[in-house]
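Here is the structure we will look at, set down as structure tokens.
The values are calculated or read from the model by the stated rules, or taken from the named source; none is laboratory data. From a predicted model like this one, the values you see are computed outputs, not experimental measurements. Glycine also receives a Cβ, built like all others from the backbone with ideal geometry; neighbour counts cover every protein chain displayed.
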Amino acid sequence: MFALSTADTAYTIRCSTTDLIDLLRPIDLNTFIVRMRPKPAMFVTNNFIADILLFHRCYVIWGRPKILLLISLVGLTADTMWGWLAVGFSKNKVFNILHPMYLWSVFALNVAVTAAAGAFGYFTLFPKGLRVAYLWSIAAL
């Protein structure tokens, strides 16, 4: 996952800084899409691996309930399917529909799983008196 994230970041920086003079003039969208072709595939794959780790962490924290496993598998399958469909249709108008669906589903799924893991720790590990201090420390971060 680290190697894939590093490659994704390096490729993004390369595409963002190569030919900086081109940024000053309008660029054709098709040229931009051709230059960024491997970027969505790297992002979808990296997000898939990161979500597996996030779901596993939440699954272990909540005591391995089967329903959480089912929900996470359905969400991860749908999320990854929309991502790979968007990669496959990147030259088509379908991309304009699938890409926002993929990005919003990634956002919603990651926020929900992170909140579930944090809520378990908040309600089970902290006594009522320390919860306010915990919230203030999180707000300060």
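For the reader, a short list of remarks on this structure follows.
- Yes/no for Asn30 being in a loop (DSSP other than H, G, I, E, B) and modelled with pLDDT under 90: no
- Among (1) within 12 Å of Ser105 (Cβ to Cβ); (2) free of Cβ contacts under 8 Å to residues at least 24 places away in the same chain; (3) of a type in the set (S, T, N, Q), the one test that Asn92 misses: (1)
- Residue match in region 99-107 (condition: loosely packed, with under 13 Cβ neighbours inside 10 Å and within 25 Å of Phe123 (Cβ to Cβ)): yes
- All conditions in (1) touching a helix residue (DSSP H, G or I) at 6+ places or on another chain (Cβ under 8 Å); (2) at pLDDT below 85 hold for Val113, with the sole exception of (2).
- Per this entry, Asn46 is not counted among residues that are under 30 Å from Cys15 (Cα atoms) and more than 17 Å from the chain's Cα centre (by Cα).
- Some residue of region 84-92 being surrounded by 12 or more Cβ atoms within 10 Å (Cβ to Cβ) and not hydrophobic (A, V, I, L, M, F, W, C): yes
- Neighbours by Cβ (under 9 Å, 6+ apart or cross-chain): first from region 106-118, β-branched (Val, Ile, Thr); second loosely packed, with under 14 Cβ neighbours inside 10 Å and in a helix (DSSP H, G or I): Val113/Arg57
- Region 62-79: number of residues that are surrounded by fewer than 10 Cβ atoms within 10 Å (Cβ to Cβ) and in a helix (DSSP H, G or I): 2
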